[in-house]
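The values are calculated or read from the model by the stated rules, or taken from the named source; none is laboratory data. What you are looking at is a predicted structure, and each value in this text was computed from that prediction instead of being measured. Glycine also receives a Cβ, built like all others from the backbone with ideal geometry; neighbour counts cover every protein chain displayed. The protein model used for the area step is the full one, side chains on, heavy atoms only, and it has no ligands, DNA or RNA in it. Shrake-Rupley method; radii C 1.70, N 1.55, O 1.52, S 1.80 Å.
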Amino acid sequence: MIETHSHGDTLVVRIHEKRLDASISPALKVELWDLVAQHANRPLILDLGEAEFMDSSGLGVMISLLKLLGAEGDLKLTGVQGAVAQTFKLTRMDRVFPMYPDVDAALA
Amino acid sequence: MSTKTITLTIDSQLENSRLVGLAIRGLCQLLPFDTEQTEGTELGVVEAVNHTITQAYGNEAGNELSLDFSVDDDHLEIQIYDTGKALEPGRLEADTELLPTEDPMSWNEADSWLAILRQTMDRVDYYSVGGLNTLVLRKRLVAS
């Protein structure tokens, strides 16, 4: 479901799912939380470029990750587009998450 | 005025909301909706189905959930039927904030479905009669 690679100290996580919905959100949350536990204190870029749809359960995974990382955490989202971007916008969470067009922009 | 209706019946499992989402997306692409309206309709219907499965049926499989997608000259109407636990009276009218303005991180996923429905649909109604619950979502076909 996810693939990770490092750019210096930053951990880049690509989610290989087209739909971030209630059928996969619980498993995705476990994978991401495990990843954060293994890579504590590293800046994190979450690449959602493959996702074409996200419901509130998928958004809940992103918010839980933000809460898990806490105030000192460094989480950036990339590749947010189309229906995924609309879910962020409708729930006003586009104001909460730092978003970049792609991984290169987030790393710059 | 002619009305065309498609009925979809699923078992109460969250993976089936994906099927519903893809079906409504396909239907909306045949209607005079722009991309944002199509995506919003899909999101609203998926949220409604997820809520029905998790709240009306307690996330237990083996229960039937039916959806009627009806299109007339002016509206798309989606009726979602279940026989599970009814929505508490007044819940639909409750003042549900999309996002708490003072603390965005207190956003509650469980409460978000209704706020999303209000954002994505033109009208939302709910009836519970004789053990049959019906959530009605309406959206104008007129391009915004």
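Side notes on the structure shown:
- 15 Å beta-carbon shell around A:GLU52, net charge (K/R +1, D/E -1): -3
- Of the peptides A:78-87, A:52-61, the ranking by mean beta-carbon count within 10 Å, highest at the top, reads A:52-61, A:78-87.
- Dividing the mean sequence gap of close Cα pairs (under 8 Å, 6+ apart) by how many residues chain A holds gives a relative contact order of 27 percent.
- Accessible surface for segment A:2-102, divided over its residues, is 43 Å² per residue with a 1.4 Å probe.
- Highest to lowest packing among B:47-60, B:69-82, scored as the average C-beta count within 10 Å: B:47-60, B:69-82
- Solvent exposure of segment B:32-144 as accessible area per residue, Å², 1.4 Å probe: 48 Å²
- Protein heavy-atom surface of segment A:2-102, 1.4 angstrom probe: 50% of the accessible area is carbon and sulfur, with nucleic acids and ligands not counted.
- Look at the stretch A:82-95: the mean tally of other chain Cβ atoms within 10 Å of its residues' Cβ atoms is 5.
- Contact order for chain B, expressed relative to its length and based on alpha carbon pairs under 8 Å spaced 6+ residues apart, stands at 28 percent.
- Protein heavy-atom surface of chain B, 1.4 angstrom probe: 47% of the accessible area is carbon and sulfur, with nucleic acids and ligands not counted.
- Delta accessible area of at least 30 Å² on complex formation, residues of segment A:1-30, 1.4 Å probe, chain isolated as reference: A:ARG19, A:ALA22, A:SER23
- Across all C-alpha atoms in the protein assembly as shown, the radius of gyration and Dmax reach 18.9, 63 Å.
- Extreme residue, positive dipole direction of chain A, given options A:MET62, A:THR78, A:PRO43 (C-beta unit charges): A:MET62
- The charge dipole of chain B, taken about its Cα centre with unit charges on the Cβ of Lys, Arg, Asp and Glu (plus for the first two, minus for the last two), comes to roughly 400 debye.
- Taking every residue in B:105-118 and counting other chain Cβ atoms within 10 Å of its Cβ, the average works out to 4.
- Sites matching trypsin sites (Lys or Arg not before Pro) across segment A:1-89 that sit in DSSP coil, with at most 14 neighbouring C-beta atoms within 10 Å: A:LYS18
- In this assembly, the B-A interface accounts for approximately 2200 Å² of buried accessible surface in total, computed with a 1.4 Å probe and without ligands, DNA or RNA.
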